[in-house]
Amino acid sequence: MDELKQAYERLGLLETADKAEVEKRYMLLVRKHRAQEAKSDGELPPGEERIDFAAVNAAYKHILAHEDQQAAEAYNRQEYGKYRKMAGVAQKTDHFFSYYKYHLLGAVVILVLIGFGINSYLDRQAEKEREAALPPIDVSVMLHGQFYSEDGGQETAPLEQALLDYFPDWQRLTVDLTYVPIETRSEMDMAAVQKAVLMLISEKKDVYILDRNSYTSLVQQGLLRPIDEAYEERFRPLLDNEEAALRTSTEDVPEEHVYAIDLTNSPHAEDLPLIYQDMVVGIRIDAQRPDNAVRFIERMLEDAPPQPRPEPSDPEASASDEGAQE
């Protein structure tokens, strides 16, 4: 406290002076010091003492530091006084979160991302294990256009089973349904179109079931292969109307070729759990299983009905029945 008293005396103030008085007095001494330094002869008027600016500056800083300390103590009493003996711990905790809140937030975000990454990895591994346990794919199909499942959604499992029933020798058939609006009238329609483009790029299927609008688009993009040979040898004998063979010319291939078969009026198409206006079927230019793709179209033109497969038995139910018989 003696140092504080001396600091006030150095500025020529009483200890009761407030901060405004301290600031005012300090600035006055600064101006006097500059005036003294500006005198070329270095002489001072009679009765005026030379100002020791280093001492004045030190006193000023000491007073301000004391006032800042008092303000901090008053704030701490107000904020943490209720914690009594734990006030110090509360203050340190508060300061920790104040200073490191962004670090903590960043750490939480990183942990969340790591969690998502681990979950995604585990999900992918589980999906790979599930895929490895399944039989190999005999043919893959994509519906591309204005198609809906019977419940109005995008579920394809019933359609996969219905199509697989036409091929008793096959074990696995996959179907992806990509809705494509004819006109883009909303942001949702635009998003659907963008998704459809990505699906064509990333998901290379063997067979494409299309509406007329999507057929025109895909054939002009060169995504469908000509099927003239298969049409003449295998499809044509099964068609009542040759107009069902869709012949088209493109910019890259000026001569007409058969690229798809119209199944709109096919009895088999009408029996599928699917809502549609028109349906044509073609084969992707780089199909992995082109022979099975041809067989798929041929089978959908044949008169033979599907052969529903028996539902797989439930092992737990069978065990319960055996236990009851015993």
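The values are calculated or read from the model by the stated rules, or taken from the named source; none is laboratory data. These figures come from a predicted structure and were not determined experimentally. As a convention, Cβ positions derive from the backbone with ideal geometry for all residues, glycine included, and neighbour counts pool all protein chains shown.
Summary of computed values
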read-out	value
Residues (modelled with pLDDT of 85 or more, part of a helix (DSSP H, G or I) and either at positive phi or not hydrophobic (A, V, I, L, M, F, W, C) (or both)) located in the stretch 293-320	Arg295, Glu298, Arg299
Filter pass, Arg50 being in a loop (DSSP other than H, G, I, E, B) and modelled with pLDDT of 75 or more	yes
Pair list, Cβ under 9 Å, 6 or more apart: the stretch 110-132 residue under 22 Å from Arg172 (Cα atoms), other residue of a type in the set (Ser, Thr, Tyr)	none
Residue within the stretch 123-134 that is under 17 Å from Ile209 (Cβ atoms) and surrounded by fewer than 18 Cβ atoms within 10 Å (Cβ to Cβ) present	no
Residue match in the stretch 280-288 (condition: more than 20 Å from Ser214 (Cβ to Cβ), in the same structural domain as Glu155 (by TED's automatic domain parsing) and modelled with pLDDT of 90 or more)	yes
Qualifying helices (runs of 4 or more DSSP H) (wholly inside the stretch 146-241; at least 2 residues being polar (S, T, N, Q))	187-202, 212-220
